[in-house]
1. Show the residue pairs that are 6+ apart or on different chains and have beta-carbon atoms under 9 Å apart, the first residue being within segment A:114-141 and within 16 Å of A:Ala16 (Cα to Cα) and facing chain B (nearest Cβ under 7 Å), the second being in a strand (DSSP E or B) and open to solvent by less than 20 Å² (accessible area, probe 1.4 Å).
2. Given the options B:Ala256, B:Ala263, name the one that is open to solvent by less than 10 Å² (accessible area, probe 1.4 Å) and more than 7 Å from every other protein chain (Cβ to nearest Cβ).
3. Looking only at segment A:138-150, decide whether some residue is at pLDDT below 95, within 17 Å of the chain's Cα centre (by Cα) and outside the structural domain of A:Leu243 (by TED's automatic domain parsing).
4. A:Ile278: hydrophobic (A, V, I, L, M, F, W, C) and open to solvent by 10 Å² or more (accessible area, probe 1.4 Å), yes or no?
5. For A:Ser223, work out the one condition from (1) open to solvent by 10 Å² or more (accessible area, probe 1.4 Å); (2) hydroxyl-bearing (Ser, Thr, Tyr); (3) touching a residue at least 60 places away in the same chain (Cβ under 8 Å) it doesn't fulfil.
6. Kindly check whether there is at least one residue in segment A:62-80 that is closer than 17 Å to A:Val8 by Cα and either touching a Lys or Arg at 6+ places or on another chain (Cβ under 9 Å) or modelled with pLDDT under 95 (or both).
Protein chains: 2
Amino acid sequence: MVISIIGVGLLGGSFALALREKYPNLHLVGVDQSVVNQKIALAKGLVDEILPLEEALQRAELNVLATPVDSICTLLPQILDQIPAGRTVMDFGSTKETICQAADAHPKRGQFVAVHPMAGTENSGPGAAFFELLPGKNVIICDRRKSHPDSLALVEAFLRDVGMKIHYMTPAEHDLHLAYVSHLSHISSFALGLTVLVKEKDEKAIFDMASTGFSSTVRLAKSSPAMWAPIFDQNKENVSKALGDYIDLLNRFKDAIDTQDLAQSREFMAKANDIGRILGGIEKK
Amino acid sequence: MVISIIGVGLLGGSFALALREKYPNLHLVGVDQSVVNQKIALAKGLVDEILPLEEALQRAELNVLATPVDSICTLLPQILDQIPAGRTVMDFGSTKETICQAADAHPKRGQFVAVHPMAGTENSGPGAAFFELLPGKNVIICDRRKSHPDSLALVEAFLRDVGMKIHYMTPAEHDLHLAYVSHLSHISSFALGLTVLVKEKDEKAIFDMASTGFSSTVRLAKSSPAMWAPIFDQNKENVSKALGDYIDLLNRFKDAIDTQDLAQSREFMAKANDIGRILGGIEKK
């Protein structure tokens with residue numbers, strides 16, 4: 001059986017590694033517009049061969065669309081146009097409403113399964129791909145009833161077999177959820193990194209004596225702008241609302257500090273401590 | 001030789017573990033107002049015995065003051081009042097201007113060494129102490145010329161021996177630096193956690209399907225309010241300025257998203273990517 005990975009980056013490449021472990025007889029075909037990515041994907045053994053998109057679509061039983069979300073919206077209708085009957089395309093995009101809308105009007109909508117694995121790192125590209133990224137993590141499937149039962153079953157089988165825990169949501173629920181638990185934390189991290197860099201420039205000092213706590217909080221600031229700009233744009237209503245909520249809380253925290261209202265400051269923190277419950281949920285799943 | 005650990009929590013307890021490894025003949029005395037902490041510190045072998053503060057001060061050659069920063073300011077002058085000539089007290093507080101001011105007017109100022117290890121986790125108390133916390137990390141000594149050369153040399157010897165890398169700063173430089181690379185990242189994390197929790201409550205959904213990226217960014221939101229409220233208060237000018245800078249950047253990021261200015265959004269992120277340089281500095285040190 002042939003599977004194509006369209007966009008052999010962190011997610012696509014890591015999925016390829018997880019598939020190879022379970023299915024040694026799979027033939028994996030990579031599609032990537034970057035010649036460097038093509039070479040690294042082959043050298044790393046993520047895929048067996050690189051093909052042009054059109055050719056890959058004729059060969060593959062399952063196509064995994066793992067490009068940035070703006071490319072997904074452009075490519076998805078073209079892929080549905082071209083794939084033979086009975087074949088499947090799934091995406092790995094971090095937004096779901098815009099992507100699902102791009103497929104909904106298509107006569108071959110049933111051949112598409114909308115997927116989002118809840119896993120990532122601040123690194124991107126095939127060089128960043130690693131086997132452990134996906135096994136054990138949550139994965140969300142949206143609008144499952146719009147997918148043909150065979151396409152859905154095929155995708156679910158592969159996701160379960162590589163060790164992922166499947167959850168189902170509407171695209172709207174997904175995008176709201178993700179704005180708060182993923183997109184916002186990327187923005188908070190980018191802005192934190194930039195705040196320190198601007199201050200460092202003004203002070204002409206090198207702020208490189210941070211602790212491991214800072215390192216953990218700002219890690220996502222190394223993430224790819226090309227990947228994240230279209231995610232924030234496609235999910236702009238939810239992201240803007242989440243960011244507004246966040247800025248409001250920061251302003252209230254700042255007021256408590258400025259007015260030396262330690263009781264209020266402690267209360268904010270004590271309430272925030274309950275996040276341990278959600279983090280526990282992540283670790284358990 | 002006797003060393004007292006006043007406040008046997010994460011930092012004090014981890015320092016005790018690191019000292020034990022290098023100096024098997026040290027006698028470690030713990031002082032803690034919490035009976036539970038006393039029991040855990042003894043059961044975990046962090047210290048050899050628990051004593052009242054006054055008695056510990058008469059016995060110890062070196063006193064390590066590792067309580068929250070508000071207690072440090074109260075205890076430090078009392079400790080200097082009581083310790084015999086030739087003995088030393090060092091602190092582990094995350095602020096330095098207020099703490100150094102609390103000692104500056106004291107006739108025995110020379111017996112105090114102002115120290116801040118750049119290490120921590122979101123956990124607190126003696127149960128959270130672990131051997132690896134301090135070795136290999138940076139530590140800042142402030143106003144070293146105000147310390148007696150013998151007291152300074154003793155403290156430096158212990159810090160170096162447990163594997164820490166010593167840096168020297170003024171208290172003002174320290175507090176400015178820390179506002180940006182530690183205190184701000186704690187506030188950003190507390191506010192991020194709270195934003196998600198408030199939304200979860202409003203939506204009556206459980207937002208527990210976050211990815212590892214969120215987990216890393218929000219980890220510090222589990223930190224102790226009793227420890228952090230006085231830190232933010234003692235460093236309020238710098239923290240307020242840092243937080244103001246951060247909120248300004250977030251507002252500009254939000255504007256870029258709201259107006260769909262993807263070029264601006266990408267530029268923010270591309271600039272923030274340079275934080276990798278600072279993170280690299282942390283890992284190298």
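1. As it stands, the answer is A:Ala119/A:Asn138; A:Ala119/A:Val139, since those pairs meet every condition given.
2. Of B:Ala256, B:Ala263, the one residue that is open to solvent by less than 10 Å² (accessible area, probe 1.4 Å) and more than 7 Å from every other protein chain (Cβ to nearest Cβ) is B:Ala256.
3. yes
4. no
5. Condition (1) is where A:Ser223 drops out.
6. So far as segment A:62-80 goes, yes, one or more of its residues are closer than 17 Å to A:Val8 by Cα and either touching a Lys or Arg at 6+ places or on another chain (Cβ under 9 Å) or modelled with pLDDT under 95 (or both).
The values are calculated or read from the model by the stated rules, or taken from the named source; none is laboratory data. Note that this is a predicted model, so its numbers are computed, not measured. A quick note on method: Cβ atoms are made from the backbone with ideal geometry, for glycine too, and the neighbour counts reach across all protein chains shown. SASA here: full protein model, heavy atoms, side chains in, ligands and nucleic acids out. Shrake-Rupley method; radii C 1.70, N 1.55, O 1.52, S 1.80 Å.
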